[in-house]
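The values are calculated or read from the model by the stated rules, or taken from the named source; none is laboratory data. Quick caveat: nothing in here was measured; it's all calculated off a predicted structure. When we count neighbours, we look across all protein chains shown, and the Cβ atoms used for this are built from the backbone with ideal geometry, even at glycine.
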């Protein structure tokens with residue numbers, strides 16, 4: 001073990017390099033907790049990037065964890081398409097009614113411009129503020145939803161599962177649109193100052209779809225997308241099972 005205290009960035013990089021750091025890195029994925037620290041509502045907290053950035057920075061001062069989580073809420077992505085976001089007092093904002101009212105709407109959907117979307121610009125601004133404060137001392141983790149998982153909010157879970165199996169031509173178009181969006185969104189966060197991207201893909205878990213179906217869908221999709229993200233990524237399946245496809249996941253990143 002080194003006798004010198006490491007910065008959070010050094011600690012995380014050393015650990016990922018399979019070397020021994022000064023101590024075990026602690027990565028806390030704190031999200032809504034910043035609102036309570038600032039004494040504002042969750043709606044107020046996410047309304048201004050300055051609030052979110054300040055909340056995350058204060059939480060790091062308190063807990064001294066080794067990375068800052070720049071995640072707002074999952075529905076921020078479909079908000080870029082015009083979807084409603086529902087706020088509650090004691091939980092995360094959730095996606096409202098899916099903006100794709102019927103599968104046929106997929107044929108005309110277009111990729112939103114990340115740099116012109118008010119919801120996404122708030123995230124990017126928060127990352128910029130955090131980066132200006134911590135520099136390269138603390139890793140900043142951005143988040144994107146994988147193309148295979150985003151349609152749960154775009155279309156609704158039941159209609160999406162039906163589309164996956166019954167409308168291959170529309171499923172393929174939806175994936176191509178989502179791939180373009182995911183790459184642009186991930187790279188915009190990296191450009192704003194994020195160190196790495198958390199790539200959330202719960203639908204790929206065998207908890208939701210069989211491995212055979214994942215091999216035909218999520219696996220090649222993720223290979224294409226991850227090859228185009230210009231920074232480190234970590235694939236996360238939320239609370240879904242991972243071991244049955246762990247070997248596959250290891251092959252998705254070049």
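Consider the range 28-46. How many of its residues are out of contact with any helix residue (DSSP H, G or I) (no Cβ under 8 Å at 6 or more places or on another chain), at negative phi and either touching a residue at least 60 places away in the same chain (Cβ under 8 Å) or assigned to a loop (DSSP other than H, G, I, E, B) (or both)?
2
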Practice task
Mind counting the residues in the range 134-168 that are surrounded by fewer than 17 Cβ atoms within 10 Å (Cβ to Cβ) and either part of a helix (DSSP H, G or I) or at positive phi (or both)?
Solution key: 8
Problem - Of all residues making up the range 61-82, the number that are in a helix (DSSP H, G or I) and either modelled with pLDDT under 95 or within 20 Å of the chain's Cα centre (by Cα) (or both) - result: 4
Completion exercise
Given (1) in contact (Cβ under 8 Å) with a residue 24 or more places away in the chain; (2) touching a helix residue (DSSP H, G or I) at 6+ places or on another chain (Cβ under 6 Å); (3) crowded, with 16+ Cβ neighbours inside 10 Å, residue 173 misses just (3)
Completion exercise
Within the range 193-204, restricting to residues that are surrounded by fewer than 22 Cβ atoms within 10 Å (Cβ to Cβ) and without any contact (Cβ under 8 Å) to a residue 60 or more places away in the chain, the one that is farthest from residue 157 (Cα to Cα) is 196
Problem - Test set (1) in contact (Cβ under 8 Å) with a residue 24 or more places away in the chain; (2) loosely packed, with under 15 Cβ neighbours inside 10 Å - residue 112 fails condition number - result: (2)
Exercise for the section: For the range 239-254, name all the residues that are at pLDDT below 95 and within 10 Å of residue 204 (Cβ to Cβ). Expected result: 240
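Return yes or no: is residue 24 loosely packed, with under 14 Cβ neighbours inside 10 Å and farther than 17 Å from residue 70 by Cβ?
So residue 24 passes the test.
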Problem - Test for residue 252: is it in a loop (DSSP other than H, G, I, E, B), closer than 25 Å to residue 166 by Cα and out of contact with any strand residue (DSSP E or B) (no Cβ under 6 Å at 6 or more places or on another chain) - result: no
Problem - Residue check for residue 40: surrounded by 15 or more Cβ atoms within 10 Å (Cβ to Cβ), in contact with a strand residue (DSSP E or B) (Cβ under 8 Å, 6 or more places away or on another chain) and farther than 22 Å from residue 193 by Cβ - result: no
Practice task
Could you tell me whether the range 96-113 includes any residue that is under 21 Å from the mean Cα position of the chain (by Cα) and not in a loop (DSSP other than H, G, I, E, B)?
Solution key: no
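Just one of 230, 216, 189, 251 is surrounded by fewer than 15 Cβ atoms within 10 Å (Cβ to Cβ) and touching a residue at least 40 places away in the same chain (Cβ under 8 Å); which is it?
Answer to the selection: 230.
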Problem - the range 183-198, residues that are outside any helix (DSSP H, G or I) and more than 12 Å from residue 228 (Cβ to Cβ) - result: 193, 194, 195, 196, 198
